[in-house]
Each structure stands twice: as structure tokens, then as C-alpha cells.
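The values are calculated or read from the model by the stated rules, or taken from the named source; none is laboratory data. Predicted model, so just to flag it, every value in this text is computed and none were measured. FYI the Cβ positions are ideal-geometry reconstructions off the backbone, even for glycines, and counts take in every protein chain you see. Calculation scope for accessible area: heavy atoms of the full protein, side chains included, ligands and nucleic acids excluded. Shrake-Rupley method; radii C 1.70, N 1.55, O 1.52, S 1.80 Å.
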Amino acid sequence: MTAADSVSPIPVAPAGLSRRAQRFVEIDGLRVVRQDIRRHRDTWIGQGVPAAAIDRAVAFQDRWGGLALPPAPFYEGGPRILDADCPEGSQAQGWSYPAGSGRVSMAYGFKIGPDGAFGIDAYRWTPLHASTDGWVESLALAAHARRWAKTVTRITGKAVEALDLEGYEPVPEVQGVTDSWWRGKDSLIALYRGEAVALDAPRCLEAHIYGGLDEWGLHGG
């Protein structure tokens, strides 16, 4: 039996996710053979990469490596497959590593920052969520909201800055940093600020408003 034969294409959701995200990963996700980055350890250490940085990348690979998820509603679909690789950085700046290649050619890449945040690296490093869990929770919430919303409204640019969030509360499980999700009495709002910050391009601000949601649509586990 080969390594490819031994990998089930049906993923098991990592511990710690919401029930909504667990369902999303296990129903909509697909697991492929993950890259074995442990075999590069000695080479990377010889190139000056600290062992602790490699250990962080290995831990990511053990938790997320080889997981393909449905396209994100923003960021050109997001990473094609979550996949770590050689850490890059310095003692002064900290060490980051790739989170997976994009589905299409983009002006930025997906990375895990020195503090474990999931984000994009373009004109500047921009953490989107405090961890990869937050990114996956955001994808799961978007899929859930699209399924149950009566209306979906997309707004861009200055209209995003004018959004009135009074009466809304942040959705904590998405661990928003630059991006965030907000829950109101009958709607959810996803704020995508990452490209605007990373590319220094305010025109890239975007928000998706999912309206007409009942209690299940607002929470869904």
C-alpha cells in the first residue's frame, strides 16, 4: 500500500473548531497526501532556520496539511490546499511559513505569521485571523450564511467604511484581526479588509451582508 492509498479523502476535523466548522471540514473538505516536511529538517537547520520555527511548521502540517476546502468568497478563492513549507524570517522579525499556494496567481501569498496568525503577505504582512482555525471558521460561516440567507449584498470601497455596526457583535470564533464577522438580530456581516491593508489599496475594501437569517442561520451550531 502506498502513502497515497493510506490517506482517506474524507478528513477528520481538528479538535477545537465549532460544530459548524467541523461539519464544513468533514462534509465539504477533502484530504490529500500532505507534504512530509520533517525530511527537510536537517537541511533547513543547516540553512539557518531555527528548530523551533520548523517545529511550528510541522505542527501546522500535522493539523492542517493536505486539507482542501471549498473556495473562499474573497482572496481569489484562498489557498488551494493548506500546506506548510520552509520557514522564512530572522531572529529580529520572527519566522513565518507558507500556509498553502493560492488557487490562482495573485499579488500576495498566504502565510502563518510569527505569532501563529493566518494572513497574506503582499506590500506588507497582514494577519487576517489570529490563527488558521479562524480562517476555517470564516469559510464555514460564509458557506452556512450563503445557504440560509434570504439576501446577500456585496458592498465595496467607501461604502464599507460607512457601515453602521451598532447593534452588532463580533463573531468570536473567526478570531478576527484585519478581517472580522459581525452578528446582528437577523443578519451577518463579513468585513474583508485584508487586501486593502496588505496592498495599500482602500478600493479593495469589501463587505458581504447576509440578511433575513433566523436563529439557525445566525448561529448554526
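Okay, here's what the table says:
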| item | result |
| --- | --- |
| Degrees between helix 51-64 axis and first principal axis of the chain (Cα, 0 to 90, nearest 10) | 50 degrees |
| Viscosity 1.567 mPa s, temperature 4 °C, Stokes-Einstein D of the stretch 94-185 from Kirkwood C-alpha radius, µm²/s | 88 µm²/s |
| Backbone HN-Hα couplings from phi across the stretch 197-206 [Karplus 6.51/-1.76/1.60, Hz, Gly and Pro as x] | 7, 5, 9, 6, 9, x, 5, 7, 4, 8 |
| Scattering curve values for the chain, log₁₀ I(q)/I(0), Debye with Cα scatterers, q = 0.07, 0.08, 0.15, 0.19 Å⁻¹ | -0.23, -0.30, -1.00, -1.45 |
| Computed over the stretch 12-105, Kirkwood Rh from alpha-carbon pairs, angstrom | 14.4 Å |
| Part-to-part distance (alpha-carbon centres) for the stretch 20-87 and the stretch 182-221, which is given in Å | 26 Å |
| Lysines with Cα under 23 Å of K150, excluding same-chain neighbours fewer than 8 positions away | K185 |
| The stretch 152-168 - phi-based ³J(HN,Hα) in whole Hz, Karplus 6.51/-1.76/1.60, Gly and Pro as x | 10, 10, 10, 10, 9, x, 5, 5, 5, 5, 8, 4, 9, 9, 5, x, 9 |
| Fraction of accessible area attributable to carbon and sulfur, the chain (%, probe 1.4 Å) | 52 percent |
| Of A117, A159, A57, the one that fluctuates the most in a GNM where the chain has Cα springs shorter than 10 Å | A159 |
| Two-site label geometry, R103 and V152: point separation in nm, points 7 Å out along Cα→Cβ | 1.2 nm |
| Rounded tilt (10° steps) of 132-148 against the dominant C-alpha axis of the chain | 40 degrees |
| In Å², nearest 10: area of R20 left accessible to a 1.4 Å probe | 10 Å² |
